[in-house]
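A.B. asks: Take a look at this one; I'll ask things after.
The values are calculated or read from the model by the stated rules, or taken from the named source; none is laboratory data. A quick note: this is a predicted structure, and the numbers were derived from the prediction, not measured. So basically every Cβ, Gly included, is an ideal-geometry build from the backbone, and we count neighbours across all protein chains shown.
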Amino acid sequence: MRVAPDGTAHFTDRSNLQGAGHAREVEREVSQTEQWLDAHHEQSNAVDMKMPPVGASVVTFDMTDWAMRAAGQDPYASQKLKLLDATRDQRAQIGARHREQQLVQTPALVRQILDQISRLPAAQRASALADLWRDCDSSRFGDLARTTITSYVRDHDILTAAERSALR
């Protein structure tokens with residue numbers, strides 16, 4: 001599972017048909033297990049009893065996985081739901097931090113747009129500012145953006161008095 005900066009979870013299912021690449025992953029895991037056992041002076045029957053390589057590619061195929069996918073079902077849905085439930089609080093915290101970071105960055109982003117608008121020809125500035133104002137929603141972000149627009153227009157004098165009164 002991959003968690004995006006806003007806290008949403010994204011799953012990527014593994015392929016149902018796994019070939020030599022999967023075998024290499026298993027070999028690597030066994031090797032890491034053997035190294036850990038050696039380092040900790042432990043013994044494992046599973047590692048000691050592994051079969052010698054046969055010289056052929058090993059391919060695995062899960063018939064239940066295939067049948068469920070063919071029927072339009074997700075064979076891993078219950079595991080995914082358990083993982084989502086187990087990580088809900090952490091993902092909510094990640095999302096809240098992301099929204100706070102966005103809120104902090106909102107004035108700077110709006111000022112960048114306003115700097116670009118201030119470089120437009122005088123005839124286009126008022127309509128561009130009106131469009132930017134209308135794009136602000138009624139959320140905390142929109143309120144902060146409108147406050148930034150108002151203070152920028154007042155401090156930078158990019159509109160005439162008539163254009164300023166028309167925006168209100």
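A.B. asks: What are the residues in region 112-131 that are within 27 Å of the chain's Cα centre (by Cα) and within 22 Å of Thr160 (Cβ to Cβ), if any?
C.D. replies: Pass one, region 112-131, residues within 27 Å of the chain's Cα centre (by Cα): 112-113.
Ile113, the sole residue that qualifies.
A.B. asks: Next question. Restricting to region 92-114, what's the tally of residues that are surrounded by 13 or more Cβ atoms within 10 Å (Cβ to Cβ) and of a type in the set (Gly, Ala, Ser)?
C.D. replies: 1
A.B. asks: State all residues of region 73-128 that are touching a Lys or Arg at 6+ places or on another chain (Cβ under 8 Å) and farther than 19 Å from Pro5 by Cβ; if no residue qualifies, say none.
C.D. replies: Listed by number, the residues that qualify are Asp74, Pro75, Ile117, Ser118.
A.B. asks: Further, regarding this structure: Within the group Ile117, Ile158, which residue is outside any helix (DSSP H, G or I) and surrounded by 15 or more Cβ atoms within 10 Å (Cβ to Cβ)? Even if it seems obvious, please write down each step before you answer.
C.D. replies: Numbers: Ile117 fails: outside any helix (DSSP H, G or I).
Result: Ile158 is the single residue among Ile117, Ile158 that is outside any helix (DSSP H, G or I) and surrounded by 15 or more Cβ atoms within 10 Å (Cβ to Cβ).
A.B. asks: For a quick check of your reading of the model, give me the residue pairs whose first member lies in region 64-79 and is of a type in the set (D, E, K, R), whose second is in a loop (DSSP other than H, G, I, E, B), with beta-carbon atoms closer than 6 Å and at least 6 apart or on different chains.
C.D. replies: Listed by first residue and then by second, the contacts come to Asp65/Asn16; Asp65/Pro75.
A.B. asks: Going by the conditions given, is Asp48 over 28 Å from Asp137 (Cβ atoms), at pLDDT 85 or above and among the acidic types (Asp, Glu)? Show your work before the answer.
C.D. replies: Working: over 28 Å from Asp137 (Cβ atoms): yes; at pLDDT 85 or above: no; among the acidic types (Asp, Glu): yes.
Taking the combined requirement at face value, the residue does not satisfy it.
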